[in-house]
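A.B. asks: Let me give you the structure first, and then I'll get to my questions.
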Amino acid sequence: MIKVEKEQVQWFDPFTRNVLITGLVLLFLIFCSAFYMDTHKMEAGGTDDLVNNMAAQTTHVEHHPLIELPGDAEVSAFSVANFFAGLVVGYNWRKLFGETGQEKAKG
């Protein structure tokens, strides 16, 4: 009887680790710059702020974001987080979802 050993899946290989570290460093820098701008009363209103203010005036309801960051720092933080999450998921796609039928037929 032949014993088949399953291959161990390594989730935090060097690529994934480096991408996550780089993303977290960039997010840290974005939050630090937002904190600096807030403590020095600097204005950085972006288009999202303008649209949210116009919507609040129209509906007579005050808008409250999930994470309060000045200006477009919120958009930047979420964009950076989504970019690096996409890199990690894309890199680990086959580990997460397996191979397709065409890939199995070729291999």
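A.B. asks: Taking neighbour Cβ counts within 10 Å as the exposure measure, how do Tyr91, Tyr36 sort from fewest upward?
C.D. replies: Fewest to most other Cβ atoms nearby, the residues stand as Tyr36, Tyr91.
A.B. asks: Let me check I've understood the local charge: for Leu27, count other residues with C-beta under 15 angstrom from its C-beta, Lys and Arg +1, Asp and Glu -1. What total comes out?
C.D. replies: Around Leu27, the charge tally is -2.
A.B. asks: In whole Hz and in residue order, list the ³J(HN,Hα) couplings for region 28-36 that follow from phi through the Karplus curve 6.51 cos²θ - 1.76 cosθ + 1.60, θ = phi - 60°; x for Gly and Pro.
C.D. replies: Going residue by residue, I get 4, 5, 5, 5, 5, 5, 5, 5, 4 Hz, with x marking Gly and Pro.
Read-outs: derived from the displayed coordinates by stated rules, not from any lab. These numbers were taken from a predicted model, which means no experiment stands behind them. In this analysis, Cβ positions are derived from the backbone assuming ideal geometry, glycine residues included, and neighbour counts consider all displayed protein chains.
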